[in-house]
Amino acid sequence: MSISLAIDTSTSRTSVAIVDEGAILWHGFRDGGTAHGHALPALVAEALIAQGSIDKVVVGMGPGPYTGLRVGISFARSFALARGIEVIGLCSLDAIATQVRERNDFIIATDARRKEVYWAQYSNGARMTEPSVDFPADVALKGLPMFGEGALKYLLTADDEVQFPDVVALVEIAKNPDLHIQLPIYLRRPDAVPTSERTP
């Protein structure tokens, strides 16, 4: 038996789940692109009431906006360190792709703000490209079906059911060591930078 705490803050949704070998013991989320810092501790506190014993932490590593993504990753690492348990990082886009029924080539796109999207291409459920950040119109030129919050925001899909990472799926994805990643996928610098680093 291995009980996992799964966390993702790579999109405007903060998601948390506790999963025991495929059985969902607790699952919850809060929406709000700037609410991750408040939502995540509250969700985890609720989750731990249902199941206090955790064996490992699984966390979405992006791509995603810097501030929100950092909240989830920092929390996951601190939680795991305090309990002396393993933390596994995974690409958040993969946890959206698991929800797509399309079995041929398709694209997952999330909102990167600045009128851009984070995206990756998939084939038969497997990621074929590294995550990138581009303008929606440029990604649309590939002519493939698109899914995700970013695709919906920029009217590149009508599918509003597949938008956010499925944190329960993250636990399943974590079973493949080849998909584990160590570093956050930021893809660009944060929106807020020190005054000394700004271009005149």
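The values are calculated or read from the model by the stated rules, or taken from the named source; none is laboratory data. Treat the numbers as computed from the prediction; the structure is a model and nothing was measured. Note: ideal-geometry Cβ built from the backbone for every residue, glycine included; neighbour counts use all protein chains shown.
In the set GLU149, GLU102, GLU161, only one residue is closer than 17 Å to SER12 by Cβ, acidic (Asp, Glu), at pLDDT below 95 and out of contact with any helix residue (DSSP H, G or I) (no Cβ under 7 Å at 6 or more places or on another chain); that residue is GLU161. Candidates are the residues of segment 89-131 that are in contact with a strand residue (DSSP E or B) (Cβ under 7 Å, 6 or more places away or on another chain) and β-branched (Val, Ile, Thr); the one that is nearest to GLY62 (Cα to Cα) is THR110.
Cβ-Cβ contacts under 7 Å between residues 6 or more apart (or on different chains), taken from a first residue in segment 124-147 that is touching a residue at least 60 places away in the same chain (Cβ under 8 Å) to a second residue that is in a loop (DSSP other than H, G, I, E, B) and charged (D, E, K, R), are listed as VAL133/ARG188. The number of residues in segment 147-162 that are more than 18 Å from ASN104 (Cβ to Cβ) and buried (at least 20 other Cβ atoms within 10 Å of the Cβ) comes to 3. Where in segment 29-145 are there strands (runs of 3 or more DSSP E), lying wholly inside it, with at least 1 residues that are surrounded by 15 or more Cβ atoms within 10 Å (Cβ to Cβ) and in contact with a Cys (Cβ under 8 Å, 6 or more places away or on another chain)? Passing ranges, in order: 56-60, 116-123.
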